[in-house]
Amino acid sequence: SIKRCILSVAQHNIGGTSASLITDSGHRRASLCVPMLGDVDVDAFIRKHGLSDDAKLDLKSLVEGAVVGVGKRRVTVRVPATTANMGPGFDCCGMALDIWNEVTVERAVSFSFEIEGEGADKLPRDKSNLVVRGLEAAYKFIGKENEVPVLRYWTKNRIPFAKGMGSSSAAIVSGILAGLAIAGFNLQVKGEEELLQIATAIEGHPDNVAPCIYGGFQLGIHNGKRWYTDRVTLPHGLMCVVFCPDHITETSAARDLLKSQVDLEDSVFNSGRVGLLVAAFATNNLHWLRTATEDALHQPQRSSLHTHLMPLIQAALDAGAHGACLSGAGPAVIAFTGGRAGDVIAQNVSERKELEVAEAMLAAADKIKCPGQVLITKPIEHGGYIVSETVSYDPDTRRHRIHYVQD
């Protein structure tokens, strides 16, 4: 039955790239024309041609067991939301949040893009989507821009779209990670941070992409030659209360409001507060955040676009938040609270302030007729990662008994 399946697949030309089975020593063990198909393609072919049960098993075993160099047939990637600027750290400070998008990419006969969740009614489903652009940028970086395979994409978006919580950066980073995995290529991190270079080339600055890649609180700069980022210690127990208005904001519109030149006094104001922001996190002196999240370079200018910004910041501070600021370019407003110990659902709410802060922010928003919702989350220490991959290794090698487990 397996010969019948292989012959049938070849005769009907359902596409893909042929593969060979490779032995541990690198010698070709068998040369079989096995199309690089995804699960959906194989199932569709089985239904179309009415294959017997034995033939189904043989065909699936053959396709799933094919070794395609070092590349992958199917990968699933998870990437976190991020909050950028954090008050005074314009275009350089950002932190990963425990809200995740998931992207699955699979080799296929024809291109398709499916979107579920946030932004499903607004995001493009063609190759202009930032996930695809990120994947293609990865192939270009490794010198294989003309070898991008035909792929099928599925995205499950939980990160609020166009709210200032890093949905664009998440798309870019997920595409790059998926592209590297599909291609079977690794990048240099130490001394090069190649993944960061690819992502910032698309995004333009590291404040969102750096924490999306590495997690935690990242402080990113350009050292004259390349982008560079380093981790700032996260204080234990920190909680993030994020008010997300129902309306969206394009980052470009919010950036157009900013001055091309800034006053020396404003520059000194922000420089001191960025230092205080880093010190507050590194030393767990969260009460410093009230001052450390103040800004003179972008929030006052953007408050004409985000009329809810200053009232919500004040409401959060009055309710006991340590600090509050615009999240990225907005319109989301983020407040920082403490007191978390273990799982918050199991902890006595009187030990923490996030619910009081959330209620106060909603009340302030309702008062000025700015509808929205509040997301309560926490910082996350790790960035984007590959959840699963579909690749088979020769059973005669040890490699098929080694598995990466990340979830």
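The values are calculated or read from the model by the stated rules, or taken from the named source; none is laboratory data. Since this is a predicted model, take the numbers as computed values, not measurements. Quick reminder, even Gly has a Cβ in these numbers, built from the backbone with ideal geometry, and neighbours come from all protein chains shown. The area values use the complete protein model at the heavy-atom level, side chains included, leaving out ligands, DNA and RNA. Shrake-Rupley method; radii C 1.70, N 1.55, O 1.52, S 1.80 Å.
In segment 217-334, carbon and sulfur make up what percent of the accessible area (probe 1.4 Å)?
53
So what is the orientation-averaged projected area of segment 266-311, using the convex hull of its C-alpha atoms, in nm²?
Seen from a random direction, the Cα hull of segment 266-311 projects 3.4 nm² on average.
When the Kirkwood radius is taken over all Cα pairs of segment 339-398, what Stokes-Einstein diffusion coefficient follows at 20 °C and 1.002 mPa s, in µm²/s?
133
Order the following by accessible area, largest value first: Leu305, Leu97. Probe radius 1.4 Å; ligands, DNA and RNA are ignored.
Result, largest first: Leu305, Leu97.
³J(HN,Hα) across segment 173-184 via Karplus (A = 6.51, B = -1.76, C = 1.60, θ = phi - 60°), whole Hz, x for Gly/Pro?
Karplus-based 3J(HN,Hα) across segment 173-184 equals 5, 5, x, 5, 4, 5, x, 5, 5, 4, 7, x Hz.
So with the 1.4 Å probe, I'd like the accessible area per residue for segment 286-407, rounded to whole Å².
I get 51 Å² per residue for segment 286-407.
What percentage of the solvent-accessible surface of segment 74-191, computed with a 1.4 Å probe over protein heavy atoms, is contributed by carbon and sulfur atoms?
Of all accessible area on segment 74-191, carbon and sulfur atoms account for 46 percent.
Accessible area per residue for segment 156-226 in Å², computed with a 1.4 Å probe and the full protein assembly in place, what is it?
Ligands and nucleic acids excluded, the result is 34 Å² per residue.
Could you work out the per residue convex hull volume over the alpha carbons of segment 254-336, in cubic angstrom?
85
Residue by residue through segment 366-379, what is 3J(HN,Hα) from phi via Karplus (6.51 cos²θ - 1.76 cosθ + 1.60, θ = phi - 60°)? Round to whole Hz and write x for glycine and proline.
Taking θ as phi minus 60°, the curve returns 4, 4, 9, 6, 10, x, x, 9, 10, 10, 9, 9, 9, x Hz for segment 366-379.
Beta carbons within 10 angstrom, averaged per residue: use that to sort the peptides 86-93, 185-192, 120-127, highest first.
Peptide ranking by packing, descending: 86-93, 120-127, 185-192.
Please give, to one decimal in nm, the separation of the simple spin-label points placed at Ile402 and Ser252, each 7 Å out from Cα toward the Cβ.
Placing both labels 7 Å beyond Cα along the Cβ direction yields 4.6 nm.
Rank by packing, highest mean first: peptides 320-328, 130-138, 366-374, with packing defined as the count of other Cβ atoms within 10 Å averaged across residues.
Ranked from most to least packed, the peptides come out as 320-328, 130-138, 366-374.
What three numbers, in Å, describe the spread of the alpha carbons of segment 119-178 along their principal axes, ordered from the longest?
35, 19, 15
Using the structure shown, select from Lys140/Lys225; Lys48/Lys72; Lys156/Lys225; Lys190/Lys225 the pairs with a Cα to Cα distance greater than 24 angstrom.
Lys48/Lys72; Lys156/Lys225, as the Cα separations exceed 24 Å there.
Pop the C-beta distance of Asp343 and Val189 into the FRET formula with R0 = 45 Å and round what comes out to the nearest 0.05.
Plugging the Cβ-Cβ distance into 1/(1 + (r/R0)^6) gives 0.90.
Which order do the peptides 267-279, 239-251 come out in when sorted by mean C-beta neighbours inside 10 angstrom, highest first?
Going by the mean number of other Cβ atoms within 10 Å, highest first, we get 239-251, 267-279.
Apply the Debye scattering formula to segment 182-235, with a single equal point scatterer on each alpha-carbon and no solvent, then give log10 I(q)/I(0) at q = 0.12, 0.16 Å⁻¹.
For segment 182-235, the Cα-only Debye profile gives -0.26, -0.46.
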